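No lab work stands behind these numbers, since they all come straight from the coordinates. What you are looking at is a predicted structure, and each value in this text was computed from that prediction instead of being measured. Positions of Cβ are generated from backbone atoms using ideal geometry, with glycine treated the same way; all protein chains shown enter the neighbour counts.
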Amino acid sequence: MVWVIFVAGAVLSWGAYGALLHLGQTQLGNPLKALLCVGAAYFLIGVLLPVAALGSQGQLSNFPTQGLIIATVAGGLGAAGAACIIWAFRTGGLPVYVMPLVFGGAPIVNVLVSMVIHPPKTALNPMLFVGFLLASIGAGLVLYFRPTA
């Protein structure tokens, strides 16, 4: 159950991400400056930390090609998502709108992509589609009843 601690860390990190990114982007005055800062943070946490850890374990070699390609594409998708959020803010979106739509839609896309990668062994439970609908309604309710700034 230790993994739940890391889930909570992701929820807290990504939950604060949009509001802080928007604030930083506004203060920097240019979305590309904000994207550069996000890239620097990704480099520090996503490059230097694993290089140090893998190096200390003697594991900094032997990257199977398929895993290397897939993990790099996944990283690119993460960076593209960050860029899309930044440009959503740049073109008038506010965190109170953008982030509920992102976090309401992303789980649905995740389940669909996961089903393509790992096809279900049994017929889909119709409640899955109820879950998709409820996730969409939930994002809509968050937007509709958002606090006014």
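Computed extension gain for THR148 through PHE132, at 0.36 nm per residue and net of the alpha carbon distance, reaches 3.0 nm. Subtracting the Cα-Cα distance of VAL96 and ALA83 from 0.36 nm times their residue separation leaves 2.9 nm of extension gain.
The GNM of the chain, with springs linking C-alpha atoms under 10 angstrom apart, assigns the highest mean-square fluctuation among ALA19, ALA52, ALA83 to ALA52. Calculated mean residue ellipticity, 222 nm, the chain: -26500 deg cm²/dmol, from DSSP H runs (n ≥ 4) at -39500 (n - 2.57) each, averaged per residue and rounded to 500.
From most to least packed by mean Cβ count within 10 Å, the peptides 11-17, 62-68, 134-140 give 134-140, 11-17, 62-68. Could you tell me whether the chain comes out rounded, prolate or oblate from its Cα gyration tensor? Rule is a ≥ b ≥ c as square roots of the eigenvalues, rounded for a/c under 1.5, then prolate if a/b exceeds b/c, otherwise oblate. It is oblate, given that a/c is not under 1.5 and a/b is not larger than b/c.
Compared with the direct C-alpha span, the chain from THR65 to THR26 gains 10.0 nm at full extension, assuming 0.36 nm per residue. Evaluating 6.51 cos²θ - 1.76 cosθ + 1.60 at θ = phi - 60° for every residue in the stretch 86-102, the Karplus couplings come out as 4, 6, 4, 5, 4, 9, x, x, 10, x, 5, 9, 5, 5, x, 5, 5 Hz, glycine and proline recorded as x.
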